[in-house]
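These notes concern the structure reproduced below.
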Amino acid sequence: MSSVKVICTECPMGCEIEVLVNGDEISVEGYGCKRGREYAEAEVVCPRRVVTSTVRSSTGRMVPVKTERPVKRSEIFAVMEKINAAGCSLPVRIGDVIVRCVSEDINVIATANVD
Amino acid sequence: MKGNYDLVIIGGGPAGLAAAVAAYDSGVEDILILEREPILGGILNQCIHNGFGLTRFKESLSGPEYAARFISEVEKRSITVLTNTAVLSLDKGKLVTAMNAEEGVFTVQAKAVILAMGCRERSRGALNVAGSRAAGVYSAGTAQKYVNVFGYMPGKRVVILGSGDIGLIMARRMTLEGAKVLAVCEIMPQTSGLKRNIAQCLDDFGIPLYLNHTVTKIEGDERVTGVVVSKVDENRKPIAGTEIHFDCDTVLFSVGLIPENELTKGAGIELSRGTRGAVVTQSRETSESGVFACGNVLQVHDLVDFVSEEAEIAGVSAARYILGGEVKRDAVEVKNGKNILYVCPQLIDKSVGGKVKLFFRVTDTFKAPTVTVRCGNGAVQTKKLKVAVPGEMQSIVLSEETVRGLNGSVEVLVEVDQ
Ligand code: SF4
């Protein structure tokens, strides 16, 4: 049996959650709410993160972007490479797709309105 | 340009925007926002990471997305905004002097003013690190602007001094952009940043955090070539023989934020030594009636969600002042008790009515402490916390009844049960 300590990042409470793994069985302790329980479980099984970065637009202005959903943590640097190879033209609105399918079927979208 | 407005808001960041919307919705439509930068949104524009809005919107937004929600609310209400406009002074009669390229220097007479200028970073100067003034030393916020707004990397091998949130965020950001972050050094035994930033920004990337360590030397003449980091004793003095050397080309300082109160001082408004912002009532009214303050210019917040909440209080209060006129204060003082760094607001005005939420910071780390608000010899409110750390602002609410019953100054204190 092994135990993993996870700091929940889903809200400012930052609960310290303990995940106990016993073969296929997983039990979770110390969570403040359901969301945290799910987060802690995922942290042990397959941690995921939203990646945020910027893409240079045709005018040189930087456009802030993010993955529309969390990508596998192990994929973060591969995703960054794709974001850094991309460009975009202006204007962009929040939610516009800037790079398609950077990991699985997850797109990178703009997070600011830039004219 | 119009020479007078009911309400003038100084600063178009998260505080100014939320205050404007709240004042408008409380019946004051004649509002002017003055913003120094070319666009609204303040510091949020360079905070491209996510994690904003978890409390308020129950989703994780990036800084620009959070700002955009408030900017569109301001736009919907046709509130007047002047960007690229610097405010030079505020005088006792609520006359605001400002300057921009189109108008030159001009004045605006306000019935009420909301101060929402935000904060700035503490500089390296305040720390006295030995070494020549080599290039490659930046505040974390400046580096953030270079990377996120200008798209330019300040360096390749980085050491970060101080564990403030911006420093932690920049440790991750520069790592993602290909830099090697060698260490984050914190002189205190605990970090000053949020726990979730330690987890997501350092632990995820294996960036070492050195607690009880400080930079004792920055090497290099024209450009930084390395730093020396030493362990400190209980008195925060470096211990000889504990030096660690890092080869690096960049040093970032993330050693705290200070409310930007030059205008406030100029207006003769009383400042608090604890928060370094104005002394205010729960309405966020300063010592000058009709002048309100909110957001990081009042107290440095950890979360923008609370900035918005505070700004709405200021906006509603300013509207009440404009529409209803000045009400005579019936204020009691809120004092810092045991283990408390500061409490905001510093005054409770009983003439206002309603409940009062007191924000505070503790001086140290406390496990399972009890917060007590005392009036005279009796506790009027208590609250148990799981943990309290200086890096995370806490709050305790006094009900309307409790506030009505206060018959003298109150004291907030934090204790760990034996
Ligand atoms: S477990 Fe729930 S309450 Fe605790 S930090 Fe996570 S989301 Fe917040």
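Summary table
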quantity	calculated
Count of residues meeting criterion [within 12 Å of residue B:319 (Cα to Cα) and within 27 Å of the chain's Cα centre (by Cα)] in the stretch B:10-30	9
Where residue A:40 falls short, out of the listed (1) of a type in the set (Gly, Ala, Ser); (2) within 15 Å of the ligand (Cβ to nearest atom); (3) at positive phi	(3)
2 or more residues within 12 Å of chain B (Cβ to nearest Cβ) and either loosely packed, with under 15 Cβ neighbours inside 10 Å or within 12 Å of the chain's Cα centre (by Cα) (or both): qualifying strands (runs of 3 or more DSSP E) within the stretch A:41-115	A:52-57, A:62-67
Complete set of residues in the stretch A:27-37 that are away from every other protein chain (no Cβ under 11 Å) and near the ligand (Cβ under 10 Å from one of its atoms)	A:28, A:31, A:33, A:34, A:36, A:37
Of residues in the stretch B:261-286 being modelled with pLDDT of 95 or more, β-branched (Val, Ile, Thr) and under 15 Å from residue B:358 (Cβ atoms), the one surrounded by the most Cβ atoms within 10 Å (Cβ to Cβ)	B:280
Check on residue B:8, out of contact with any His (no Cβ under 9 Å at 6 or more places or on another chain), modelled with pLDDT of 95 or more and not in a strand (DSSP E or B)	no
Sole residue being under 16 Å from the mean Cα position of the chain (by Cα), over 24 Å from residue B:340 (Cα atoms) and of a type in the set (A, V, I, L, M, F, W, C), chosen from B:314, B:293, B:319	B:314
Hits in the stretch B:227-243 (condition: touching a residue at least 40 places away in the same chain (Cβ under 8 Å) and part of a strand (DSSP E or B))	B:227, B:229, B:232
So residue B:320, is it in contact (Cβ under 8 Å) with a residue 60 or more places away in the chain, among the basic types (Lys, Arg) and either buried (at least 21 other Cβ atoms within 10 Å of the Cβ) or closer than 26 Å to residue B:381 by Cβ (or both)	yes
Matching residues in the stretch A:4-40 - criterion: being of a type in the set (A, V, I, L, M), under 17 Å from residue B:194 (Cβ atoms) and assigned to a strand (DSSP E or B)	A:6, A:7, A:17
Residue count for the stretch B:195-236, restricted to those that are of a type outside the set (Gly, Ala, Ser), within 14 Å of chain A (Cβ to nearest Cβ) and either within 16 Å of the ligand (Cβ to nearest atom) or more than 16 Å from residue B:160 (Cα to Cα) (or both)	7
Residue ID - nearest to the ligand (Cβ to nearest atom), chosen from residues in the stretch A:15-26 that are acidic (Asp, Glu) and away from every other protein chain (no Cβ under 13 Å)	A:18
Sole residue being out of contact with any helix residue (DSSP H, G or I) (no Cβ under 6 Å at 6 or more places or on another chain), among the hydroxyl-bearing types (Ser, Thr, Tyr) and assigned to a strand (DSSP E or B), chosen from B:402, B:372	B:372
Selected residue (criterion: farthest from the ligand (Cβ to nearest atom)) from residues of the stretch A:1-14 that are modelled with pLDDT under 85 and not β-branched (Val, Ile, Thr)	A:1
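Residue-wise test of (1) surrounded by 18 or more Cβ atoms within 10 Å (Cβ to Cβ); (2) within 14 Å of another protein chain (Cβ to nearest Cβ); (3) touching a Phe, Trp or Tyr at 6+ places or on another chain (Cβ under 6 Å); (4) under 30 Å from residue A:49 (Cβ atoms).
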position: B:43; (1), (2), (3), (4): yes, yes, no, yes
position: B:55; (1), (2), (3), (4): no, yes, no, yes
position: B:77; (1), (2), (3), (4): no, no, yes, no
position: B:103; (1), (2), (3), (4): no, no, no, no
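The values are calculated or read from the model by the stated rules, or taken from the named source; none is laboratory data. None of these values were measured; they are calculated from a predicted model. As a convention, Cβ positions derive from the backbone with ideal geometry for all residues, glycine included, and neighbour counts pool all protein chains shown.
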